[in-house]
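See below for the structure under consideration.
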Amino acid sequence: MDIPDYDKALYYTLWGQWDDLLVLMVRTKDDMLSKKIELFLHAYHYAPDQKSILESHDDLLYYLEHAMKSVPAAVMEV
């Protein structure tokens, strides 16, 4: 797990920086993070209703929150 990727994803998601989020999706080595970002960006651009976009956005935020909580303390110190 790479904490800076989660921090960046959270920042980009909260501030609506979708271009930077797309770049992070491509560059991260975390497959789950990449997939969650991909699902959100796809919903943002192609979803027919706002409910789908909000659900995808919330799923991404919940994943980021969960992933950042479950990181061992040794990784956080480095």
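The values are calculated or read from the model by the stated rules, or taken from the named source; none is laboratory data. A quick note: this is a predicted structure, and the numbers were derived from the prediction, not measured. Note that we place each Cβ from the backbone using ideal geometry, even for glycine, and neighbour counts take in every protein chain shown.
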Taking the residues in region 28-42 that are among the basic types (Lys, Arg) and in a helix (DSSP H, G or I) as candidates, determine which candidate is nearest to Glu65 (Cα to Cα). Lys36
Residue check: is Asp7 acidic (Asp, Glu), under 12 Å from the mean Cα position of the chain (by Cα), surrounded by fewer than 17 Cβ atoms within 10 Å (Cβ to Cβ) and assigned to a helix (DSSP H, G or I)? yes
Would you confirm whether or not region 14-27 contains a residue that is among the acidic types (Asp, Glu) and outside any helix (DSSP H, G or I)? no
Can you tell me which residue within region 33-53, out of those that are surrounded by fewer than 12 Cβ atoms within 10 Å (Cβ to Cβ) and at pLDDT 95 or above, is nearest to Tyr63 (Cα to Cα)? Lys51
Candidates Ile53, Ile37, filtered to the one that is within 11 Å of Asp5 (Cβ to Cβ) and either hydrophobic (A, V, I, L, M, F, W, C) or free of Cβ contacts under 8 Å to residues at least 40 places away in the same chain (or both): Ile37
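Within region 57-78, how many residues are modelled with pLDDT under 75 and in contact with a helix residue (DSSP H, G or I) (Cβ under 7 Å, 6 or more places away or on another chain)?
Number satisfying all stated conditions: 3.
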By residue number, the members of region 10-32 that are among the β-branched types (Val, Ile, Thr) and surrounded by fewer than 16 Cβ atoms within 10 Å (Cβ to Cβ) are Val23, Val26
